[in-house]
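Chemist: Sending over a structure as structure tokens; questions will come in a sec.
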Number of protein chains: 2
Amino acid sequence: MLTPENDSPPVYREIADTLRIAIASGELSDGDRIPGENELMKRHGVARATARQALSVLINEGIAVAVRGSGVYVRGFSPLVRHGRRRLSKELWSTGRAIWGADTAERPFATDSVTVSEMRAPAHVARALDLDEGDRVLRRRRRYRLDDRPMQLATSYLPAELVAGTSVTRPDTGPGGIYARLAELGQAPAHFTEEIRVRMPSPDERTKLSLSPGTPVMHVMRVALTKEHRAVELNEMTLDGSAYVLQYDFDA
Amino acid sequence: MLTPENDSPPVYREIADTLRIAIASGELSDGDRIPGENELMKRHGVARATARQALSVLINEGIAVAVRGSGVYVRGFSPLVRHGRRRLSKELWSTGRAIWGADTAERPFATDSVTVSEMRAPAHVARALDLDEGDRVLRRRRRYRLDDRPMQLATSYLPAELVAGTSVTRPDTGPGGIYARLAELGQAPAHFTEEIRVRMPSPDERTKLSLSPGTPVMHVMRVALTKEHRAVELNEMTLDGSAYVLQYDFDA
């Protein structure tokens, strides 16, 4: 009985409902301070533990954020819009600009924690890249930040024999990044497929992305294909769900 | 201090970590029963409250699901793949088949809780449909189920003058749905744009979609445009995040 349901909701839920309505109605708006424990205790005549539980409900729903030593605030949502097609258009990487430029209104992403290694392809990678079991892949892991905020973890896998001896195997892949290097090898990405799912973060992802409680992540798996439909890269991305809106255009 | 951090993690977190590792390694896999409170108490020499807290961590992370009166299980993930372009291709709705057929391997979605009303366009709807403030829209709300599982809440808005007197204003829109009716009016959708964000559900959404704790939702805003780029529908969808993978294809 981990989630018992009673007929009348407990007091902390009623207080949380009141605050939620104040937020939904705009009475409390983005970034506003929510009444703290002391004020809720006074206002509703409840114990500190009850007031704290009420605030925890809103925090776990992701509509409020606790700021250490300051209080609890209405979470603002002013995300980065990431446009599938525009962001990966050939004009960008073929002129040596990082593809990230398209999203961020020209503010560049910073990359950190880059690690590059070679390994046997894990089963899902072999499947995505149409490799045989035992084939080797180059794995590039990195984190993207915008200003000082971590936004995304990304792990790319490329067939090892394809990129051997190129700067794709080095931490800094040079102007235009991986896709510009693939183009130089005659393997320019021409088609992309992206699969998106959503879930709660693992403790490791929560730490690396500095996520507040109640923040889900988007998990994006992108495969880049050449115009001959050879799969040349799988990129597994974990995006801070409070930081992104993904946008896609397509025709009927 | 709602989220205090200590140097050494509390015991319930250590137990949760052990279980999480067992799940990540495949020792416990999809649908397996996780050791219950009694077994965790014995195994780790802890009180019932501690064992319960450890299980709650996994439930709130969405990697375990509590089944009332039975126990706690590893959550399986066998989602529906929703393919942007294929799903909305003209061949489907122009032949009178519901567009949902494309996703569900021919298993039809059932619709319930359909409500239709006319109203002044809310600000974000007026913006999406390029209407003036005060213009009227038809609003269609409904829920989609697959078998007995609720999967999605959807609210469509269409310019009221465009669809007045057609079966778009009736609960049952007829074969091919809204898009087939728009085509008969010479306003067939030709382009779509979708914006996706993720968040935790509201209590109302949690109830209507029967979501377990730790389940985020995807919020999809789709605008349908004619070939002259007139916006003819905004569809705001809330998807059970444990039920869907969204897929998009595009070219460089």
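The values are calculated or read from the model by the stated rules, or taken from the named source; none is laboratory data. This structure is a prediction, so every number in the text was calculated from the model and none was measured. Reconstructed Cβ throughout: ideal geometry from the backbone, glycine too, with neighbour counts over all protein chains shown.
Chemist: Please determine whether any residue of region A:84-95 is more than 9 Å from chain B (Cβ to nearest Cβ), assigned to a helix (DSSP H, G or I) and within 22 Å of residue B:61 (Cβ to Cβ).
Modeler: No, region A:84-95 contains no residue that is more than 9 Å from chain B (Cβ to nearest Cβ), assigned to a helix (DSSP H, G or I) and within 22 Å of residue B:61 (Cβ to Cβ).
Chemist: Just one of A:68, A:75, A:52 is in contact with a helix residue (DSSP H, G or I) (Cβ under 6 Å, 6 or more places away or on another chain) and among the charged types (D, E, K, R); which is it?
Modeler: After applying the criteria, what remains is A:52.
Chemist: When you scan region A:20-34, how many residues do you find that are within 12 Å of chain B (Cβ to nearest Cβ) and at pLDDT 85 or above?
Modeler: 4
Chemist: Considering only region A:196-227, state which residues are surrounded by fewer than 17 Cβ atoms within 10 Å (Cβ to Cβ) and at the interface with chain B (Cβ under 8 Å from one of its Cβ atoms).
Modeler: Listed by number, the residues that qualify are A:202, A:203.
Chemist: Of the residues in region A:35-62, how many are away from chain B (no Cβ under 13 Å) and not in a helix (DSSP H, G or I)?
Modeler: Count: 4.
Chemist: Which residues, counting only those in region B:104-127, are of a type in the set (S, T, N, Q) and not in a strand (DSSP E or B)?
Modeler: Result: B:104, single match.
Chemist: Let me ask something additional. Kindly check whether there is at least one residue in region A:161-171 that is of a type in the set (Ser, Thr, Tyr), surrounded by fewer than 20 Cβ atoms within 10 Å (Cβ to Cβ) and under 19 Å from the mean Cα position of the chain (by Cα).
Modeler: no
Chemist: Within region A:52-68, can one find any residue that is touching a His at 6+ places or on another chain (Cβ under 7 Å) and not basic (Lys, Arg)?
Modeler: Within region A:52-68, not a single residue is touching a His at 6+ places or on another chain (Cβ under 7 Å) and not basic (Lys, Arg).
Residue by residue, here is whether (1) closer than 22 Å to residue A:219 by Cβ; (2) in the same structural domain as residue A:188 (by TED's automatic domain parsing); (3) surrounded by 13 or more Cβ atoms within 10 Å (Cβ to Cβ) holds:
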| site | (1), (2), (3) |
| --- | --- |
| A:48 | no, no, no |
| A:51 | no, no, yes |
| A:55 | no, no, yes |
| A:59 | no, no, yes |
| A:62 | yes, no, yes |
| A:67 | no, no, no |
| A:84 | yes, yes, yes |
| A:87 | yes, yes, yes |
| A:92 | no, yes, yes |
